[in-house]
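The values are calculated or read from the model by the stated rules, or taken from the named source; none is laboratory data. Predicted model only: the values in this text are computed from it and were never measured. Because the Cβ atoms are built from the backbone with ideal geometry, glycine has one as well, and the counts that use them run over all protein chains shown. The protein model used for the area step is the full one, side chains on, heavy atoms only, and it has no ligands, DNA or RNA in it. Shrake-Rupley method; radii C 1.70, N 1.55, O 1.52, S 1.80 Å.
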Amino acid sequence: MRQQLLLNPTLRDVPADAEAVSHRLMLRAGFIRQLSSGIYSYLPLGLKALRNIQQIVQEEMDAAGAQEMLMPALHPSELWKESGRWDIYGPELMRLEDRNGREFALGATHEEVITSLVRDEIQSYKKLPMTLYQIQTKFRDERRPRYGLLRGREFLMKDAYSFDRSSAGLDLSYKQMYNAYDRIFRRTGLKFRAVEADSGAIGGTDTHEFMALADVGEDTIVYCPSCQYAANLEKAVGVIPELQMTAETNNSTPPEKIHTPQASSIKKLSQFLNVKPQQIIKTIALKADGAPLVVLIRGDYELNEIKIRQVVNAEQISMMTEDEIMNELRSVAGFIGPIGLLGRSGVQLIADDSVRGLTEAVIGANEADFHLQHVQVDRDLPTLMYADLRNVAEGDTCVHCLSELVFAKGIEVGHVFKLGTKYSHSLGAVYNDEAGASQDIVMGCYGIGISRVLAAIVEQNHDDYGIIWPHAITPFSIHLLTVKTQDEAQMKLSEHIYDTLTRAGFSVLWDDREERPGVKFHDADLLGFPLRLTVGKKAAESSIECKERRNGNQYELQVDNLLAHCQTFFN
Ligand code: 9G3
C-alpha cells in the first residue's frame with residue numbers, strides 16, 4: 001500500500017479527555033476516530049489490526065469445533081420479556097421502536113436469540129453437543145463510556161454458546177472453550193491470566209475471566225506466584241497471616257468502656273487509643289434485602305459485598321442510614337459494637353474469619369464517643385457465626401501453597417460461563433433423549449471483547465514514541481520509507497523492494513509521501529509496525545537501513561539479503 005493514498009490522519013496532540021494510553025495512541029496514530037461518546041470508527045489501519053485479532057479468534061473457535069454464524073442486532077422485546085431480562089436491565093439496554101411501534105432491543109448479548117433459535121431447530125440428542133459462535137457488534141449504553149475502545153457503547157464481541165445434554169457435557173464444552181481462549185490470548189501476545197470470577201447477574205456456576213494485565217484495568221486480580229491459583233478480587237480467598245500478638249493477653253480483664261471522643265473511624269480510633277487496626281473490630285450495619293444485618297470484620301480488612309450476598313443469600317446489600325442505626329439497632333453510627341446487639345430480635349450478626357480468636361480487641365460501645373477495650377472474642381462473643389466476608393489483602397497467603405499473594409490490575413478481555421439451564425428452561429429449549437423424554441438443554445456462554453483486545457494489546461505494547469505491534473496483530477509487517485521521493489535512484493530501489501517483499505507475501509506500507517524525513521521517521525515510530533526499512537543516500541550502493549521497532553536495533557543491509565532477512569525476522 002502506498003502511504004500517500006492511505007487514510008491515516010496522524011495527530012500531534014489528542015483531546016484532554018483521552019486518559020488511557022491506548023485511547024491516546026490510537027487517536028494519534030489515526031487508527032480510530034470518535035463519532036460519539038463510546039462510539040468509534042475504525043480507520044483502515046485500525047480495521048486491519050481488528051481483523052487480525054478476529055482471524056485468530058475464528059481459527060481457534062473453528063479448531064475447537066465451534067460453528068460460526070451471525071445473529072441480528074435487532075431483538076424483538078418479546079424474547080427479552082420471555083427470559084425476564086427486559087425489565088431487569090435498565091437504560092443500559094438500548095431500546096427502540098419500529099415503524100409499527102413494536103419494541104426492539106439493540107443486542108447487548110445474545111442468550112435469548114441463540115436459545116430461541118436452538119429451541120426451534122434442535123430436538124434430538126443426536127445433534128448435541130453443539131457450540132455456535134458469532135462475531136458481532138454489541139450495544140450497551142454504559143453510564144460512563146471511557147478509555148476509548150476499552151469501555152465503549154458499541155463494540156465488537158465474539159460470543160459463543162454451547163449446548164449439551166448434561167452438566168457433565170457442559171464441563172467438557174467449557175474446558176474446550178477455556179483452552180481455546182488460552183491459545184487465542186497466547187497468539188495475540190497478550191500478558192494475561194485466567195481468574196476465577198463471580199457469575200454476577202448472568203447466573204450459573206463456574207465462571208472464569210481472562211484478564212489482560214494493565215494498570216488502566218478496572219478489575220483487581222489476585223494470583224499466586226508459585227501455583228496456578230488466580231481469582232478476581234470479588235472472589236479471591238487467602239490465608240490471614242498469623243498476628244504477632246503485641247498486647248499481653250491476660251484473660252481476666254473484662255471489657256472496659258473507654259471515652260473516645262469523635263473517634264468514629266478506624267484511623268482516628270487507632271491513633272487515639274494507640275492500637276493497630278488489627279486489634280479493632282469494625283461493626284458494619286447493613287440491610288440485606290431490607291433486613292438488618294450486622295457484620296464484624298478486623299480493622300485492617302475490607303468487606304466484600306459479593307461474598308456477603310452469597311453467604312446471606314441476599315440480592316441487595318446496602319449500608320444502613322444513621323437513622324436506621326439509631327432506630328433499628330438503638331446504636332450510634334461510628335460507635336456500633338456487637339456486645340449489646342447480640343440476640344436483639346431480627347438483627348442477624350455475622351463475623352468475618354479475621355475476627356476469630358482476637359484478644360485485647362476494641363469494639364464500639366453502642367454509645368456516642370465510647371468504645372469497649374480488652375474484648376476477648378471467644379470469651380465475650382462465644383456464639384458468633386463466622387464466614388469469609390472480606391477482600392483478600394496484600395500480605396495474605398495462598399490457600400493452596402501459602403506463598404504470598406500478588407495483586408494486579410486487569411482488563412477483562414474474555415469471560416466464560418456455565419449457564420446451566422437458566423435460559424433453556426425459561427425459553428423452553430429442550431431435547432428428546434434416547435428414551436424420547438424431554439430434557440432441558442445445558443448451556444454455556446463464552447465472550448471475547450475483540451475491540452477491547454485491540455486496546456489491551458496497545459496498553460501492553462507501546463513506548464513514548466508510539467505503538468509497538470506484535471507480529472500477529474500489526475496492520476502491516478513492514479514500513480518502507482523513501483527519504484527523497486524526487487531522487488530517481490531511491491524511488492527505483494524502493495519500488496523494487498516493495499514489489500519483491502509484496503510478492504513474497506509480506507504486507508508493506510510504503511511511505512512515498514512528499515514529507516520531510518523526520519516526519520516519516522516519527523510517524524513510523526507512532527504507527528509501530530515491527531520492521532522499518534529506509535531507502536536513503538546509500539540507495540546507489542543497494543544498501544538500506546533497517547530498524548526493529550520493538551528493540552530499536554538499527555543496522556544496514558544489502559538489498560540482496562533483504563528477503564531472507566525478513567523471512568528470518570518474521571518467523
Ligand atoms: C444486557 C446488558 C448488559 C449486559 C448483559 C445484558 C453483561 C449481560 C453478561 C453477558 C454474559 C455473556 C455472552 C457472551 C459472554 C458474556 N452486560 N451481560 O448479559 F442486556 Cl444492557 O453478556 N454473554
Requested in this report: Give the residues of region 123-146 that are farther than 23 Å from LEU74 by Cβ and either of a type in the set (A, V, I, L, M, F, W, C) or near the ligand (Cβ under 10 Å from one of its atoms) (or both), sorted by residue number.
Outcome: LEU128, MET130
Report task. Output the residues belonging to region 391-416 that are under 21 Å from ILE306 (Cα atoms), within 16 Å of the ligand (Cβ to nearest atom) and open to solvent by less than 30 Å² (accessible area, probe 1.4 Å). Result -> ILE411, GLY414, HIS415, VAL416
Report summary line: Considering residues that are closer than 19 Å to THR500 by Cα and either without any contact (Cβ under 8 Å) to a residue 40 or more places away in the chain or touching a Leu at 6+ places or on another chain (Cβ under 8 Å) (or both), the number found within region 548-569 is 13
Report summary line: When region 438-457 is checked residue by residue, the ones that are open to solvent by less than 10 Å² (accessible area, probe 1.4 Å), among the small types (Gly, Ala, Ser) and part of a strand (DSSP E or B) are GLY444
Query - Residue, nearest to GLY428 (Cα to Cα), within region 83-97, restricted to residues that are open to solvent by less than 90 Å² (accessible area, probe 1.4 Å) and among the charged types (D, E, K, R) - result: ARG85
Report task. List every residue pair whose Cβ atoms lie under 7 Å apart, where the two residues are 6 or more positions apart in sequence or sit on different chains, the first residue falls within region 1-15 and is more than 16 Å from ALA524 (Cβ to Cβ) and of a type in the set (Lys, Arg), and the second residue, located anywhere, is assigned to a loop (DSSP other than H, G, I, E, B) and open to solvent by less than 50 Å² (accessible area, probe 1.4 Å). Result -> none
Query raised in the report: Looking only at region 30-76, which residues are under 30 Å from SER424 (Cα atoms), surrounded by 17 or more Cβ atoms within 10 Å (Cβ to Cβ) and among the small types (Gly, Ala, Ser)?
Result: ALA64, ALA66, ALA73
